[in-house]
Structures are given as structure tokens and as C-alpha cells.
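Trainee: Below is a structure I'd like to ask you about.
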Amino acid sequence: MAKPNEGRSRVVIQNVEPELDCGRFPIKRIVDDTVSVQADVFGDGHDEVRARLLWKQEGDPDWQSTEMRPLGNDRWQGEFTVPQVGDYRYTIVGEVDHFGTWRSDLKKRIAAQQDLKVPFATGAILLEQAQARAAQKDSSKLATWAKALRTGKDDSATAELALQDELAEMVKRYPNTELETRYDRELEIVVDRERARFSSWYELFPRSWSTVPGKHGTLRDVTARMDYVAEMGFDVLYLPPISPIGKSYRKGKNNAVEAGPGEEGSPWAIGSAEGGHTAILPALGTMADFQALVKRAIQMKMEIALDIAFQCSPDHPWVTEHPEFFKKRPDGSIQYAENPPKKYQDIYPLDFESSNWQGLWEALMGVFSFWMDQGVRIFRVDNPHTKAFPFWQWVIPELKAKDPGVLFLAEAFTRPRVMERLAKLGFSQSYTYFTWRDSKDELTQYMLELTTTPVREYFRPNFWPNTPDILPIHLQTGGLPAFRSRLVLATTLTANFGIYGPAFELGENTPFKPGGEEYLNSEKYEIKTWDLTNPASLKPLITRLNQARRQNNALQSNERLHFHSTDNPALICYSKRTADGSNTILVVVNLDPFVVQTGWVSLDLGVLGLAPGDTFEVYDLLADHSYRWQGSRNYVALRPAEAPAHLFRVLP
């Protein structure tokens with residue numbers, strides 16, 4: 001059945017951007033962002049049209065409205081800001097602009113010196129119609145103007161009155177909503193706090209944080225030595241699972257099938273007689289120790305991110321309390337995790353096709369909720385792509401209703417469409433393929449995909465040069481120069497990055513076997529002793545890069561990333577600039593960890609806010625040295641063993 005007046009609505013609204021999957025999923029923004037919306041808005045015939053952008057925060061009864069402006073060829077654009085964390089909605093309405101059409105035609109009639117008596121009367125009718133919709137104060141003005149049009153005798157004076165901008169603006173304030181076309185969808189926005197867009201993560205294993213070699217570290221040890229992480233400028237301290245570790249089928253050193261005496265097992269084999277996902281491994285300390293850690297992190301302007309791994313050891317309480325949460329083998333035993341030919345006998349995956357799937361969902365949400373109650377507002381989720389999509393679509397909004405500031409990092413090294421789906425379902429950030437993008441062309445194309453396609457509306461990349469699971473080949477073979485260049489790339493290409501330390505800053509790069517990406521003597525299976533005072537540590541470089549990120553707003557966003565040409569494929573050059581042009585960063589990186597690379601960079605000067613032939617200063621934030629450059633072509637030489645990159649602030 002047709003809607004009232006639907007047949008009288010003559011405007012079409014289509015090709016709205018941004019819009020994800022026909023409005024099925026929300027776009028993402030950060031507090032105080034400006035949301036820019038475009039659409040095709042047009043009508044039949046020669047009448048002018050107008051378009052308005054409507055928006056509101058979820059739960060507000062009334063829509064706010066702003067006029068959209070024409071861009072040409074029936075394309076319109078409007079903007080609004082999102083001042084608070086939470087959910088928003090937006091849509092578009094359009095209508096035939098009868099008063100605007102009349103005003104435009106009147107100008108033509110005046111130019112042609114036509115009789116204006118009838119056009120004035122027509123304008124008076126339009127003003128009287130607007131008067132009926134207007135507030136009392138404006139209604140009086142509109143009535144006065146309408147009367148002046150009806151009774152005006154001096155065409156030039158009446159025409160001047162009719163063409164006043166004040167009059168046109170007042171009429172616009174009172175649109176005829178009965179005849180407007182409303183876009184058939186209300187589109188959604190999830191607005192997160194700033195840390196969703198800009199963050200520096202440091203991962204450590206608390207059990208390796210003791211000052212006594214070989215002794216099991218505790219949460220108190222981490223609290224006492226947190227200044228090491230804070231001094232480097234990190235704002236997120238990420239801990240692998242801190243829950244009790246199962247004893248059945250515990251893995252030994254280097255992922256051995258059987259653990260030797262005293263071996264600690266993998267923190268991802270969660271659950272024992274001491275408790276499950278909401279308990280703490282006794283060797284690490286108590287819940288009071290954890291709360292003290294969270295409090296100390298806040299004092300040092302950091303946050304604790306906690307790993308959530310939805311899997312269970314054979315000793316997890318759920319195995320006996322809720323056996324229906326797990327898959328059974330033909331003999332009735334519970335199926336352990338497998339990725340043939342690999343077997344993970346120390347882990348039971350959860351069955352999201354369980355007959356008690358609702359009970360499973362509630363239990364898993366309870367894990368998040370419990371740790372949120374302990375002060376955790378950031379979660380790194382282990383392998384979310386191996387859990388049902390509908391679960392994430394349900395649980396993330398539920399948790400954001402509890403605390404709109406909670407954030408989720410998806411550890412999903414999987415297929416692109418799967419990673420994108422998780423981001424659409426609510427994950428705030430995601431691991432990426434950066435770890436395996438080595439060449440100039442690979443890095444350029446990947447960043448353009450992340451920043452210039454619709455993916456940018458919902459997928460926030462977090463670049464990690466290494467993880468406890470991934471020691472990439474370029475770090476194995478390139479030594480510390482490779483660590484340095486990959487660090488510069490991770491910290492400047494994207495606004496979110498992380499490292500697994502102290503393995504990264506100490507240059508740990510020995511693989512378990514040639515061609516593999518597992519560490520030899522991996523910290524996942526044993527306590528490590530790290531020499532944090534090693535003079536070869538990359539801590540000074542990490543500190544300088546994090547300082548540059550904090551002090552330069554251009555590095556705190558992925559917007560306005562631009563690649564500049566170089567005549568050497570081993571050199572990559574790119575820039576970032578703030579929207580107002582107040583901060584411009586230019587980066588040149590040597591991608592070859594073995595050889596000095598030289599070449600000419602060809603700058604797109606307009607992107608940098610410069611004119612052809614300008615002389616300008618580039619100040620290297622890493623070397624504390626300035627250069628005077630002129631024009632678009634400039635020479636660089638980068639020595640990987642000393643300074644594999646320039647991180648320039650461009651100063652006109």
C-alpha cells in the first residue's frame with residue numbers, strides 16, 4: 001500500500017555514501033569527527049530541489065537537520081559532527097524547492113523586463129504556505145512579506161524585497177515535510193573514543209617479568225616495572241591470558257607434545273581446577289594484584305588490554321559443568337583442536353552449533369563482563385574468526401551498552417572478507433597483512449586499499465611487526481636494520497601499532513626451523529629471561545617514534561596518507577597531513593636492510609601545502625637534524641645499519 005502523499009513526492013535519493021551493505025552495518029567514527037555524507041538527489045522536470053541531512057544520537061527523540069549543498073551533476077553533500085561516544089543514525093530527505101524555483105525564475109523575469117504582478121502573487125502564496133508551518137515570530141515576518149508582495153506597486157522595490165537572502169533562509173527553515181522524499185534507510189554510526197583510532201600497544205608475558213632469572217613472574221612484578229613500558233611511550237599494555245593453565249596434555253618447550261617437569265604450558269590452554277576464564281593463575285597473583293595493575297596503568301596514562309581466548313583446556317570447569325559446549329567424537333570423548341596435520345590436544349574448541357548455544361553465548365558474554373568490572377576496557381580477542389559471526393554481532397553491542405568506551409582488537413590473520421566481516425560486526429581494530437607486505441608496491445597497494453576504498457569506513461588497521469606466533473622472514477634474515485625499518489613503517493603508516501616485546505626491541509630473530517615463522521624457544525611455552533639493559537636494544541628508537549606520534553597530529557590518523565614517487569624501488573616515500581594543514585609529516589624508508597640505498601624523491605608539492613619552486617625546511621625527528629630542500633625533486637641516502645629512515649616534519 002502506498003504511503004500518504006507518496007505519489008506527490010517527486011524527488012529521488014540514491015547512491016548514498018557512506019553506506020555499508022545497503023545499511024546493514026554501521027560505519028565507524030571517533031568522538032568529535034565530522035561525518036561527511038554525499039548522495040544523488042534530483043527530481044523530474046526543471047524545478048529546483050533541496051536536500052537535508054538528518055542525524056541524531058541513538059535514543060534522542062528528535063532529528064537534527066542541516067542543509068546539503070550541491071556539488072554539481074545532482075550530487076549533494078552535507079556534514080555533521082558526533083560529539084559523544086555511542087551510536088548515531090543519519091538519513092537524507094529531499095523535496096522540490098518551490099520557493100527556490102520561484103526565486104530563480106523571478107531573477108530571469110526581471111532580467112527579461114517581464115510583467116511581475118502574477119509572479120509576485122505566486123510568491124505571496126508560497127510565503128503564506130510557509131507561514132502556516134512557521135514559529136510565531138517568523139510567522140509574523142512571513143505574513144508581512146507576503147502582504148508586501150501582494151500589494152507592491154513598485155516592481156523594483158518589491159523585487160528587491162522578494163530576493164532578500166533573509167527571506168529565502170527563513171522559508172528554508174520550514175520545509176513542507178508532507179511532500180518530501182525520505183531515504184528509505186536510517187544508516188548507523190558507531191562512535192568510539194580516541195584510542196580506537198590512535199594507540200601504541202606493547203605485549204608482554206607477565207611470567208617472564210621477574211627480576212630473578214628463571215623465577216615465575218607475577219602481576220606485582222609487572223606493576224613494579226611498568227615504567228619500562230611507559231618510558232617508551234606506549235599507551236596500551238597487552239597481556240596474554242592470565243587465567244589458570246590446564247595440566248592435561250600440557251605442551252612443553254618448543255610446542256613439544258608432552259611437558260617436562262616444571263614446564264609452565266601455554267597461557268592459551270585456559271582452565272584448571274583453580275578456575276576458568278574469570279580466574280587468575282595463582283602463580284601470577286590475586287585479583288587484588290590485577291586491580292592494582294590496572295590502577296597503576298591509569299596513573300601512568302596507559303590501559304591494560306586483556307587477551308580473551310574462547311577455548312578451554314581439558315581441565316576447564318566448563319568441561320564437566322557444560323559438556324554440551326563442546327563437540328564430541330564418535331567414541332563420546334570431546335574433540336580437541338586440530339588444524340591438520342597439527343594437533344592441539346591441550347585445547348578444546350567451543351561448539352557454536354551446540355544445542356545450548358544460548359547458554360554458551362551468555363557464558364562467554366559473562367567473561368567479558370567480569371573483566372570489565374575489574375577495570376578492563378580493551379580486549380584483544382584471540383582467533384575471533386573461528387567463532388560464529390552472529391555471536392559477535394550480538395555480544396559486542398551488548399557490551400557497548402554496558403560501557404560505550406569498551407574496545408576490541410580482532411586477532412584474525414585470515415581471509416580478507418572474513419576480517420572485514422568481523423570489523424563490520426563491531427571489532428574496533430584488527431590485525432592485518434602488514435607483517436607479510438615487504439616491497440614498495442605491496443606496501444603502497446595495501447595502504448591504498450585500507451585508506452581509499454570503502455574499507456576505510458569500518459576497518460581500523462593495527463600494524464604489528466611481530467607477534468609471539470609470527471617471526472616474519474624479513475626479521476629473521478635482516479637483523480636489527482630490518483627491525484628498525486619495519487618499526488618506522490608500522491608507527492607511521494598507521495595510527496594504531498603494536499609490538500611483542502621485549503623480543504622486538506632486543507632483536508629476537510631465531511626461528512624454530514628454517515622457513516618457518518615460529519620462534520625458537522618460544523615464550524608461549526616457557527619462562528624467558530630478558531636483558532632489558534642490553535645496549536643494542538631498540539628502546540631509544542621506539543621512544544623517539546612514539547614521541548613523534550604523540551607530538552604530531554598528522555600521525556594520529558590514517559586520513560590524507562599520500563605516496564610520493566621515488567626513482568629507487570628500495571625507497572618508499574609517503575606523507576601525512578592534518579586537515580587544516582598545520583602539521584605535515586614526510587617519511588622516507590630504506591626497505592633494504594643490507595645495502596645503502598640512494599635516490600631522488602619526487603614530491604607532490606600541493607599535497608604538502610607547497611608551491612612549485614618553494615624552498616622549505618625538513619626537520620628529521622629521528623636524527624634531530626634539518627635540511628633545506630627546494631622544489632619537488634630532492635636527494636636522499638639511507639644507511640640501514642645507522643638510519644634506515646627519515647621522519648621529516650615539513651616546515652615552509
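Trainee: Counting residues that are polar (S, T, N, Q) and more than 30 Å from SER266 (Cβ to Cβ), which strands (runs of 3 or more DSSP E) fully inside the stretch 528-643 reach at least 2? Even if it seems obvious, please write down each step before you answer.
Mentor: On the way: elements: 562-566, 571-577, 584-590, 597-602, 615-620, 625-630, 633-638.
Because the criterion is at least 2 residues that are polar (S, T, N, Q) and more than 30 Å from SER266 (Cβ to Cβ), the strands (runs of 3 or more DSSP E) in the stretch 528-643 that meet it are 562-566, 584-590, 597-602, 625-630.
Trainee: Let me ask something else about it. Starting from residues that are open to solvent by 10 Å² or more (accessible area, probe 1.4 Å) and not charged (D, E, K, R), keep the ones in the stretch 392-404 and report whichever is farthest from SER200 (Cα to Cα). Spell out how you get there, then give the answer.
Mentor: Filtering the stretch 392-404 for residues open to solvent by 10 Å² or more (accessible area, probe 1.4 Å) gives 393-394, 397-398, 400-404.
From what is left, the residues that are not charged (D, E, K, R) are 393-394, 397, 401, 404.
Values: GLN393: 27, TRP394: 28, PRO397: 25, ALA401: 26, PRO404: 21 Å.
Ranking the qualifying residues of the stretch 392-404, first place goes to TRP394.
Trainee: Now a separate question. Return only the number of the condition from (1) touching a residue at least 40 places away in the same chain (Cβ under 8 Å); (2) touching a strand residue (DSSP E or B) at 6+ places or on another chain (Cβ under 9 Å); (3) not acidic (Asp, Glu) that ALA503 does not satisfy.
Mentor: If we test ALA503 against (1) touching a residue at least 40 places away in the same chain (Cβ under 8 Å); (2) touching a strand residue (DSSP E or B) at 6+ places or on another chain (Cβ under 9 Å); (3) not acidic (Asp, Glu), just (1) comes out false.
Trainee: Within the stretch 142-149, identify whether any single residue is out of contact with any helix residue (DSSP H, G or I) (no Cβ under 6 Å at 6 or more places or on another chain), at pLDDT 90 or above, open to solvent by 30 Å² or more (accessible area, probe 1.4 Å) and assigned to a loop (DSSP other than H, G, I, E, B), and answer yes or no.
Mentor: No, the conditions are met nowhere in the stretch 142-149.
Trainee: Here's a follow-up. Would you pick out the residues in the stretch 468-484 that are open to solvent by 10 Å² or more (accessible area, probe 1.4 Å) and under 24 Å from the mean Cα position of the chain (by Cα)? Show your work before the answer.
Mentor: So the first thing to find is which residues in the stretch 468-484 are open to solvent by 10 Å² or more (accessible area, probe 1.4 Å), and the list is 469-470, 473-474, 476-477, 479-481, 484.
Listed by number, the residues that qualify are ASP469, ILE470.
Trainee: Looking at this structure, is LEU350 touching a strand residue (DSSP E or B) at 6+ places or on another chain (Cβ under 7 Å), open to solvent by less than 60 Å² (accessible area, probe 1.4 Å), under 25 Å from LEU239 (Cα atoms) and among the hydrophobic types (A, V, I, L, M, F, W, C)? Break it down stepwise before answering.
Mentor: Details: touching a strand residue (DSSP E or B) at 6+ places or on another chain (Cβ under 7 Å): yes; open to solvent by less than 60 Å² (accessible area, probe 1.4 Å): yes; under 25 Å from LEU239 (Cα atoms): yes; among the hydrophobic types (A, V, I, L, M, F, W, C): yes.
Spelling it out, LEU350 is indeed touching a strand residue (DSSP E or B) at 6+ places or on another chain (Cβ under 7 Å), open to solvent by less than 60 Å² (accessible area, probe 1.4 Å), under 25 Å from LEU239 (Cα atoms) and among the hydrophobic types (A, V, I, L, M, F, W, C).
Trainee: Related question: Tally the residues that are more than 31 Å from the chain's Cα centre (by Cα) and small (Gly, Ala, Ser), restricting the search to the stretch 301-336. Don't jump to the end; show me each part of the working.
Mentor: Here is the first cut: in the stretch 301-336, the ones more than 31 Å from the chain's Cα centre (by Cα) are 313-336.
Okay, now just the ones that are also small (Gly, Ala, Ser), so 313, 332-333.
Summing the residues that are more than 31 Å from the chain's Cα centre (by Cα) and small (Gly, Ala, Ser) in the stretch 301-336 gives 3.
Trainee: Among the residues of the stretch 83-107, what is the count of those that are under 26 Å from SER9 (Cβ atoms), in a helix (DSSP H, G or I) and among the charged types (D, E, K, R)? Before the answer, list the steps.
Mentor: First, pick out the residues of the stretch 83-107 that are under 26 Å from SER9 (Cβ atoms): 88-106.
Now restrict to residues that are in a helix (DSSP H, G or I): 98-106.
Narrowing the set further to residues that are among the charged types (D, E, K, R) leaves 103, 105.
Number of matching residues: 2.
Trainee: Here's something else I'd like to know. Can you list residue pairs whose Cβ atoms sit under 6 Å apart, with the first residue in the stretch 195-223 being closer than 12 Å to THR529 by Cβ and the second being crowded, with 24+ Cβ neighbours inside 10 Å and of a type in the set (A, V, I, L, M, F, W, C)? Count only pairs 6 or more apart in sequence or on different chains.
Mentor: Close Cβ pairs (under 6 Å, with a partner that is crowded, with 24+ Cβ neighbours inside 10 Å and of a type in the set (A, V, I, L, M, F, W, C)) amount to TRP209/VAL222; GLY217/TRP209.
Trainee: Sort out for me the strands (runs of 3 or more DSSP E) sitting completely within the stretch 341-440 that have 2 or more residues that are modelled with pLDDT of 95 or more. Spell out how you get there, then give the answer.
Mentor: Working: elements: 342-344, 378-382, 407-411.
Hits in the stretch 341-440: 378-382, 407-411.
Trainee: Out of (1) over 30 Å from CYS573 (Cβ atoms); (2) touching a residue at least 12 places away in the same chain (Cβ under 8 Å), the odd one out for ARG417 is which?
Mentor: It is condition (2) that ARG417 fails.
Trainee: Now for a different question. Hey, can you tell me all the residues within the stretch 171-224 that are out of contact with any helix residue (DSSP H, G or I) (no Cβ under 6 Å at 6 or more places or on another chain) and within 24 Å of ASP97 (Cβ to Cβ)?
Mentor: Taking the stretch 171-224 as the starting set, the residues that turn out to be out of contact with any helix residue (DSSP H, G or I) (no Cβ under 6 Å at 6 or more places or on another chain) are 172-173, 175-178, 180-184, 186, 188-197, 199, 201, 203-205, 207-208, 211-215, 218, 221, 224.
Listed by number, the residues that qualify are LYS172, ARG173, PRO175, ASN176, THR177, GLU178, GLU180, THR181, ARG182, TYR183, ASP184, GLU186.
Trainee: Restricting to the stretch 319-340, count the residues that are outside any loop (DSSP other than H, G, I, E, B), open to solvent by 40 Å² or more (accessible area, probe 1.4 Å) and at pLDDT 95 or above.
Mentor: The first filter runs over the stretch 319-340 and keeps only residues outside any loop (DSSP other than H, G, I, E, B), leaving 319-321, 323-326, 328, 334, 337-339.
The next check asks that each one be open to solvent by 40 Å² or more (accessible area, probe 1.4 Å); those that pass are 320-321, 323-324, 328, 338-339.
Those still in the list that are at pLDDT 95 or above too: 320-321, 323-324.
Here the count works out to 4.
Trainee: Turning to a different aspect of this structure: Pairs, please: C-beta under 7 Å, at least 6 apart or cross-chain, first residue in contact (Cβ under 8 Å) with a residue 24 or more places away in the chain and of a type in the set (Asp, Glu) and in the stretch 601-620, second surrounded by fewer than 19 Cβ atoms within 10 Å (Cβ to Cβ) and in a strand (DSSP E or B)?
Mentor: Listed pairs, sorted by first residue: ASP604/HIS562; GLU617/SER626; GLU617/ARG628; GLU617/LEU651.
Trainee: OK, next. Just to be sure before I move on: is GLN77 in a loop (DSSP other than H, G, I, E, B) and either open to solvent by 20 Å² or more (accessible area, probe 1.4 Å) or of a type in the set (Ser, Thr, Tyr) (or both) in the structure I sent? If you could, list the steps in order and put the result at the bottom.
Mentor: Working: in a loop (DSSP other than H, G, I, E, B): no; either open to solvent by 20 Å² or more (accessible area, probe 1.4 Å) or of a type in the set (Ser, Thr, Tyr) (or both): yes.
Judged against the criteria, GLN77 is not a match.
Trainee: Just name the residue that is farthest from SER565 (Cα to Cα) out of those in the stretch 629-646 that are open to solvent by less than 60 Å² (accessible area, probe 1.4 Å) and touching a residue at least 60 places away in the same chain (Cβ under 8 Å). Break it down stepwise before answering.
Mentor: Just the residues of the stretch 629-646 that are open to solvent by less than 60 Å² (accessible area, probe 1.4 Å), to begin with: 629, 631-632, 634, 636-638, 640, 643-646.
Subsequent filtering for residues that are touching a residue at least 60 places away in the same chain (Cβ under 8 Å) retains 636, 638, 640, 644-646.
Working: VAL636: 13, LEU638: 16, PRO640: 20, PRO644: 18, ALA645: 16, HIS646: 15 Å.
The extreme case among them is PRO640.
Trainee: Moving on to the next point. Just checking, which of LEU407, LEU425 is surrounded by 21 or more Cβ atoms within 10 Å (Cβ to Cβ) and over 20 Å from PHE497 (Cα atoms)? Step through it out loud before you land on a result.
Mentor: Working: LEU407 fails: over 20 Å from PHE497 (Cα atoms).
Of LEU407, LEU425, the one residue that is surrounded by 21 or more Cβ atoms within 10 Å (Cβ to Cβ) and over 20 Å from PHE497 (Cα atoms) is LEU425.
Trainee: Which count do you get for residues in the stretch 1-16 that are modelled with pLDDT of 70 or more, open to solvent by 70 Å² or more (accessible area, probe 1.4 Å) and either outside any strand (DSSP E or B) or acidic (Asp, Glu) (or both)?
Mentor: Applying the first criterion (modelled with pLDDT of 70 or more) to the stretch 1-16 yields 7-16.
Filter once more, so that each one left must be open to solvent by 70 Å² or more (accessible area, probe 1.4 Å): 7-8, 10, 14-15.
Checking the rest, the ones that are also either outside any strand (DSSP E or B) or acidic (Asp, Glu) (or both) come to 7-8, 10.
Of the residues in the stretch 1-16, 3 are modelled with pLDDT of 70 or more, open to solvent by 70 Å² or more (accessible area, probe 1.4 Å) and either outside any strand (DSSP E or B) or acidic (Asp, Glu) (or both).
Trainee: Mind checking which residues of the stretch 574-587 are without any contact (Cβ under 8 Å) to a residue 40 or more places away in the chain and crowded, with 20+ Cβ neighbours inside 10 Å?
Mentor: Within the stretch 574-587, just ARG577 meets the criteria.
Conditions tested, residue by residue: (1) open to solvent by less than 10 Å² (accessible area, probe 1.4 Å); (2) under 23 Å from GLU559 (Cα atoms).
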{"site": "ALA570", "(1), (2)": "no, no"}
{"site": "VAL589", "(1), (2)": "yes, yes"}
{"site": "SER602", "(1), (2)": "no, yes"}
{"site": "TYR627", "(1), (2)": "no, no"}
{"site": "PHE648", "(1), (2)": "yes, yes"}
{"site": "PRO652", "(1), (2)": "no, yes"}
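Trainee: Taking the residues in the stretch 241-280 that are touching a Lys or Arg at 6+ places or on another chain (Cβ under 8 Å) and among the hydroxyl-bearing types (Ser, Thr, Tyr) as candidates, determine which candidate is nearest to SER208 (Cα to Cα).
Mentor: SER266
Trainee: Output the number of the condition that THR444 fails; it satisfies all remaining conditions of (1) open to solvent by less than 10 Å² (accessible area, probe 1.4 Å); (2) in a helix (DSSP H, G or I); (3) closer than 23 Å to THR491 by Cα.
Mentor: The single condition THR444 does not satisfy is (1).
Trainee: OK, next. Which residue pairs have Cβ atoms under 7 Å apart, sit 6 or more places apart or on different chains, and have a first residue in the stretch 171-186 that is at positive phi and among the charged types (D, E, K, R) and a second that is surrounded by fewer than 19 Cβ atoms within 10 Å (Cβ to Cβ) and in a loop (DSSP other than H, G, I, E, B)?
Mentor: none
Trainee: Which residues, counting only those in the stretch 113-141, are under 16 Å from ARG103 (Cα atoms) and outside any helix (DSSP H, G or I)?
Mentor: First, pick out the residues of the stretch 113-141 that are under 16 Å from ARG103 (Cα atoms): 113-130.
Of everything in the stretch 113-141, those that are under 16 Å from ARG103 (Cα atoms) and outside any helix (DSSP H, G or I) turn out to be GLN113, GLN114, ASP115, LEU116.
The values are calculated or read from the model by the stated rules, or taken from the named source; none is laboratory data. Quick caveat, the model's predicted, so the values are computed rather than measured. Heads up, the Cβs are rebuilt from the backbone with ideal geometry, glycines too, and the neighbour counts pull from every protein chain shown. In case anyone asks, the SASA skips ligands and DNA or RNA and just uses the protein heavy atoms, side chains included. Shrake-Rupley method; radii C 1.70, N 1.55, O 1.52, S 1.80 Å.
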